[in-house]
Amino acid sequence: MKWTILPTILLFSSNSIASTGTEGEPGSTVAEFHSKETAEMGWQIVNDGVMGGLSEGTIRMTDSDSMVFSGNLSLENNGGFSSVRSAEVEMDLSKSKGLKVRVKGDGRTYQLRLASDARFRSGEVSFMAEFATKENEWMEIKIPFRKFEGGWRGMS
């Protein structure tokens, strides 16, 4: 069976990922996408090719301190994901209530995943929350940490 290859695009604006502070307190910026921070965060693409898939994703930084994530999503060869990830960065978000993301999307639903130092069967436990985008519309999305679900190797 042949699957359609679908284009995907997600644009993160400057100051687009921030923690939301505790009641009455401002949060701290997690990612701003300016040139110095980009090098420190070590942004990289991981596609389903690690599992034999054919999806292709790219990122580019703009002059206006935004990151553009785009590419083609393919379901062939049991594929179906393209992701942009930072290098391992340690942050203490314990005084925060969640994350705020400013994005311009393509109408699809995306996932935001956080790695943690929690372990299950010697493997890293990550936490995932989904957010929907509206095509060609800037959105500020707040995701409380209570909405993130823990998982290990893709299983909840």
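Could you look at region 46-149 and say what percent of its accessible area is carbon and sulfur, using a 1.4 Å probe and all protein chains?
Values: 2930 of 6640 Å².
For region 46-149, the apolar C and S fraction of the accessible surface comes to 44 percent.
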Quick one: if you stick a label point 7 Å off each Cα along the C-beta vector at Glu40 and Ser122, how many nm between them? 3.5 nm
Please list, or write none, the lysines whose alpha carbon is within less than 26 Å of the alpha carbon of Lys134, excluding same-chain residues fewer than 8 places away. Lys97, Lys100, Lys104, Lys142, Lys147
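The values are calculated or read from the model by the stated rules, or taken from the named source; none is laboratory data. Predicted, not measured: the structure shown is a model, and the values here were computed from it. Every residue, glycine as well, gets a Cβ built from its backbone with ideal geometry; the counts of neighbours run over all protein chains shown. Surface areas here come from the heavy atoms of the whole protein model, side chains and all, with no ligands, DNA or RNA. Shrake-Rupley method; radii C 1.70, N 1.55, O 1.52, S 1.80 Å.
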